[in-house]
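Chemist: If you scroll down you'll find the structure; I have some questions about it.
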Amino acid sequence: DHSIIKHWLRAGASGWRLDVADELPDEFIAKIRAAMNEENPDTYLLGEVWEDGTTKIAYSQRRRYLLGSECHGLMNYPFRNAAISYLLGGDARWFRETMEGLRANYPPTAYYSAMNALGTHDTPRILTLLGADRTPDTKAERASYRLLPRERAAGIAKLRLAALVLFTFPGSPMIYYGDEAGMEGFEDPLNRGTYPWGREDQELLAFFRQLGQLRRERLSLQEGDLTYLHARGGVLVLRRQLGDEITVAALNAGEDAAEVAIPWPRELAREALTFQQFYAPGGKLRLRLPPVSGMILI
């Protein structure tokens, strides 16, 4: 009755994250979940799993993370991998197919509460991944590497698109400290520098704050159903809908401008971040997306 699990839940913790969940036997994870349920059924158990948790095999055992007695949700590394692949030139169709495969496999509660992230303490900084033209061969070179101005500008443009996907996709958006401030760095420990107090990229920080506020205000981004309106080449258009509330994220990660037409139920659409308005005659909204750009329409 005075276990570690119950002690910290009583102290105010909202849940537990299990580091390297595939190193823990299913029976042990189930006992953690049972102890949490005894203390407070509303608490949340998150597992670190890098793959599709429903097909994961560890130590020759098919794991049971999401069958109801263990984790509520998992870290969504498949989302991160698919998003980075898309932003670095991959086809938006592959992003859709990967994420739809995950949606087909995961229980809805796990899919809508998965921990979506662009970077963690175990990965290189997202800005470095998206901006660097090359990866130096030695760790010493990687430790001293800083993005050139053109690399940094390109990386920030792609990071803004990545943030658009992160905050509009089903799941719980998570930011690794400093990514919102423009921190750089390759692999651990080069990704663990101190937060740049007083030296943050203020424009990037303001952009992340806008997205966070929008996510907080719009229930369609929290609970709404997901529909892909377009996913081909560099163009990805996602619609989240809850009742009459519709939010659409339109992205072009390609190097050329793109035009796309999407259904729209009203005469006007408003871009949520810039407040620009678009006319949608006949139920069609026609958009021209510049290279490496995106918008959120409401």
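The values are calculated or read from the model by the stated rules, or taken from the named source; none is laboratory data. Just so you know, these numbers come straight off a predicted model, no measurement behind them. We place every Cβ from the backbone using ideal geometry, glycine too, and count neighbours over all the protein chains shown. We work out accessible area using only protein heavy atoms, side chains counted, and drop any ligands, DNA or RNA first. Shrake-Rupley method; radii C 1.70, N 1.55, O 1.52, S 1.80 Å.
Chemist: For segment 134-151, give me each residue that is part of a helix (DSSP H, G or I) and open to solvent by less than 10 Å² (accessible area, probe 1.4 Å). Even if it seems obvious, please write down each step before you answer.
Modeler: Here is the first cut: in segment 134-151, the residues part of a helix (DSSP H, G or I) are 139-144, 149-151.
Within segment 134-151, just Glu151 meets the criteria.
Chemist: Something else about it: Check Gly185, Gly212, Gly193 and return the single one that is assigned to a loop (DSSP other than H, G, I, E, B) and either without any contact (Cβ under 8 Å) to a residue 12 or more places away in the chain or open to solvent by 20 Å² or more (accessible area, probe 1.4 Å) (or both).
Modeler: On the way: Gly185 fails: either without any contact (Cβ under 8 Å) to a residue 12 or more places away in the chain or open to solvent by 20 Å² or more (accessible area, probe 1.4 Å) (or both); Gly212 fails: assigned to a loop (DSSP other than H, G, I, E, B).
Only one candidate qualifies: Gly193.
Chemist: Could you check segment 282-298 and list, in sequence order, the residues that are at negative phi and open to solvent by 70 Å² or more (accessible area, probe 1.4 Å)?
Modeler: So the first thing to find is which residues in segment 282-298 are at negative phi, and the list is 284-291, 293-298.
If the condition is that a residue be at negative phi and open to solvent by 70 Å² or more (accessible area, probe 1.4 Å), then Lys284, Arg286, Arg288 are the ones that fit.
Chemist: Would you call Arg103 within 23 Å of Tyr44 (Cβ to Cβ), assigned to a helix (DSSP H, G or I), at pLDDT 95 or above and more than 12 Å from the chain's Cα centre (by Cα)?
Modeler: Values: within 23 Å of Tyr44 (Cβ to Cβ): yes; assigned to a helix (DSSP H, G or I): yes; at pLDDT 95 or above: yes; more than 12 Å from the chain's Cα centre (by Cα): yes.
When the stated conditions are applied, Arg103 passes them.
Chemist: Looking at segment 129-154, which of its residues are within 17 Å of the chain's Cα centre (by Cα) and under 21 Å from Ala206 (Cα atoms)? Steps first, please.
Modeler: Quick first cut of segment 129-154, residues within 17 Å of the chain's Cα centre (by Cα) only: 129-130.
Passing the criteria: only Leu130.
Chemist: Report yes if Ala257 is under 15 Å from Val165 (Cα atoms), among the small types (Gly, Ala, Ser) and at pLDDT 95 or above, otherwise no.
Modeler: So Ala257 fails the test.
Chemist: Now for a different question. Of the residues in segment 181-201, how many are among the aromatic types (Phe, Trp, Tyr) and within 23 Å of Asp133 (Cα to Cα)? Let's see the steps before the verdict.
Modeler: From segment 181-201, those among the aromatic types (Phe, Trp, Tyr) are 186, 195, 197; that's our starting set.
Remaining after also requiring within 23 Å of Asp133 (Cα to Cα): 186.
The total comes to 1.
Chemist: Same structure, new question: Might you let me know whether segment 164-173 holds any residue that is farther than 20 Å from Leu251 by Cβ, within 14 Å of the chain's Cα centre (by Cα) and open to solvent by 30 Å² or more (accessible area, probe 1.4 Å)?
Modeler: Step one: list which residues in segment 164-173 are farther than 20 Å from Leu251 by Cβ, which gives 172.
This time we only want the ones that are within 14 Å of the chain's Cα centre (by Cα), so: 172.
Remaining after also requiring open to solvent by 30 Å² or more (accessible area, probe 1.4 Å): 172.
Yes: one or more hits.
Chemist: Let me ask you something else. Quick one: which of Ala83, Ala110, Ala154 is open to solvent by less than 30 Å² (accessible area, probe 1.4 Å), within 23 Å of Glu255 (Cα to Cα) and part of a helix (DSSP H, G or I)?
Modeler: Numbers: Ala110 fails: within 23 Å of Glu255 (Cα to Cα); Ala154 fails: open to solvent by less than 30 Å² (accessible area, probe 1.4 Å).
Every option except Ala83 fails the conditions.
Chemist: Before we move on, is Ala249 farther than 16 Å from Pro170 by Cα and modelled with pLDDT of 95 or more? Steps first, please.
Modeler: On the way: farther than 16 Å from Pro170 by Cα: no; modelled with pLDDT of 95 or more: yes.
Answer is no for this residue.
Chemist: Shifting gears a bit: Before we move on, is Ala272 at pLDDT 95 or above, open to solvent by less than 20 Å² (accessible area, probe 1.4 Å) and not β-branched (Val, Ile, Thr)? Reasoning before the result, please.
Modeler: Working: at pLDDT 95 or above: yes; open to solvent by less than 20 Å² (accessible area, probe 1.4 Å): yes; not β-branched (Val, Ile, Thr): yes.
It is true that Ala272 is at pLDDT 95 or above, open to solvent by less than 20 Å² (accessible area, probe 1.4 Å) and not β-branched (Val, Ile, Thr).
Chemist: Can we say Tyr44 is at pLDDT 95 or above, open to solvent by 50 Å² or more (accessible area, probe 1.4 Å) and of a type in the set (Ser, Thr, Tyr)? Step through it out loud before you land on a result.
Modeler: On the way: at pLDDT 95 or above: yes; open to solvent by 50 Å² or more (accessible area, probe 1.4 Å): yes; of a type in the set (Ser, Thr, Tyr): yes.
So Tyr44 fits the description; yes.
Chemist: List the residue pairs whose Cβ atoms are under 7 Å apart, where the first residue sits in segment 21-40 and is assigned to a helix (DSSP H, G or I), the second is of a type in the set (Val, Ile, Thr) and surrounded by 15 or more Cβ atoms within 10 Å (Cβ to Cβ), and the two are 6 or more positions apart or on different chains.
Modeler: Close Cβ pairs (under 7 Å, with a partner that is of a type in the set (Val, Ile, Thr) and surrounded by 15 or more Cβ atoms within 10 Å (Cβ to Cβ)) amount to Ala21/Ile29; Ala21/Val49; Asp22/Val49; Ile32/Ile5; Ala35/Ile5; Met36/Ile5; Met36/Thr43.
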